[in-house]
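See structure below.
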Amino acid sequence: MRYLTHFVHAFLMFVAPLKFLNYKPTIKQRSLFTLIYGLAIIFSRRIYDFLPLTFGAHTILLVPISIVLFKKILKDFSWSKSIYTALILFIALLINDALILLPSMKLFDLTVLKIETNSFLAFLITMLLSNFTLILVYIVGYLKNKKDKQISLNS
């Protein structure tokens, strides 16, 4: 299940900002990004097995990977649009970790070991809480685009 959560996260990393931008990627584009970025998450987290780095260092590796993937998979995205999209995503994730995930873990006295040994907690933390801002961005994008369509129909 641990690896499945990385692919769900990769999928949300792709579709959330694009929904907000009202960009409709193809199934092939969504699948390709999810597969490559999901594997990148898995391999970048292995860096801790080889180097004595603080947790979170893998994120520094994932930023340029996401920028390149946005540019290469979405051919009509410029480099600057790819950079802005990736940076906004990572800022949203940092906000999520700082304001939602870590305070929730502290509030409920959760440790990584407690989460890993409890399937329900693992699902709740890794699927919902750690992706909360991405889910929120997707919902806001959906509502924003729905409202924009209503406005253009009434014009």
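The values are calculated or read from the model by the stated rules, or taken from the named source; none is laboratory data. If you're wondering where the values come from, they're calculated on a predicted model, not measured in any experiment. Glycine gets a Cβ as well: all are built from the backbone with ideal geometry, and neighbour counts include every protein chain shown. Just the protein is used for accessible areas: all its heavy atoms, side chains included, with ligands, DNA and RNA removed. Shrake-Rupley method; radii C 1.70, N 1.55, O 1.52, S 1.80 Å.
Key figures for this structure:
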{"item": "Conditions (1) part of a helix (DSSP H, G or I); (2) open to solvent by 90 Å² or more (accessible area, probe 1.4 Å); (3) more than 20 Å from LEU128 (Cβ to Cβ); (4) not small (Gly, Ala, Ser): number failed by LYS106", "result": "(3)"}
{"item": "Evaluation of TYR3 against (1) out of contact with any Phe, Trp or Tyr (no Cβ under 9 Å at 6 or more places or on another chain); (2) surrounded by 17 or more Cβ atoms within 10 Å (Cβ to Cβ) (one fails), failing number", "result": "(2)"}
{"item": "Test for THR54: is it surrounded by 12 or more Cβ atoms within 10 Å (Cβ to Cβ), closer than 30 Å to LEU121 by Cα and among the hydroxyl-bearing types (Ser, Thr, Tyr)", "result": "no"}
{"item": "Long-range neighbours under 9 Å by Cβ, at least six apart or interchain, first residue farther than 24 Å from ASP148 by Cβ within segment 23-34, second among the small types (Gly, Ala, Ser)", "result": "PHE33/ALA10; PHE33/SER66; THR34/ALA10"}
{"item": "Scan of segment 30-51 for residues that are surrounded by 12 or more Cβ atoms within 10 Å (Cβ to Cβ) and basic (Lys, Arg), ordered by number", "result": "ARG30, ARG45"}
{"item": "Tabulated pairs, segment 35-54, first more than 14 Å from ARG2 (Cβ to Cβ), second at pLDDT below 80 and outside any helix (DSSP H, G or I), C-beta under 8 angstrom, 6+ apart or interchain", "result": "ILE47/LEU53; TYR48/PHE55"}
{"item": "Hey, LYS147 surrounded by 11 or more Cβ atoms within 10 Å (Cβ to Cβ), basic (Lys, Arg) and more than 21 Å from the chain's Cα centre (by Cα) or not", "result": "no"}
{"item": "Top-ranked residue of segment 57-72 - restricted to ones that are of a type in the set (A, V, I, L, M, F, W, C) and farther than 14 Å from PHE14 by Cα, ranked as surrounded by the most Cβ atoms within 10 Å (Cβ to Cβ)", "result": "LEU61"}
{"item": "Subset of segment 109-145 that is in a helix (DSSP H, G or I) and polar (S, T, N, Q) - its residue that is farthest from LYS19 (Cα to Cα)", "result": "THR117"}
{"item": "Tally, over segment 67-98, of residues that are more than 16 Å from the chain's Cα centre (by Cα) and hydrophobic (A, V, I, L, M, F, W, C)", "result": "4"}
{"item": "Every residue from segment 45-83 that is small (Gly, Ala, Ser) and under 24 Å from LEU18 (Cα atoms)", "result": "SER66, SER78, SER80, SER82"}
{"item": "Single residue of segment 56-72 satisfying the filter (of a type in the set (Gly, Ala, Ser) and assigned to a helix (DSSP H, G or I)) that is farthest from LEU134 (Cα to Cα)", "result": "ALA57"}
{"item": "Residue ID - least open to solvent (accessible area, probe 1.4 Å), chosen from residues in segment 73-82 that are farther than 13 Å from PHE14 by Cα and in a helix (DSSP H, G or I)", "result": "SER80"}
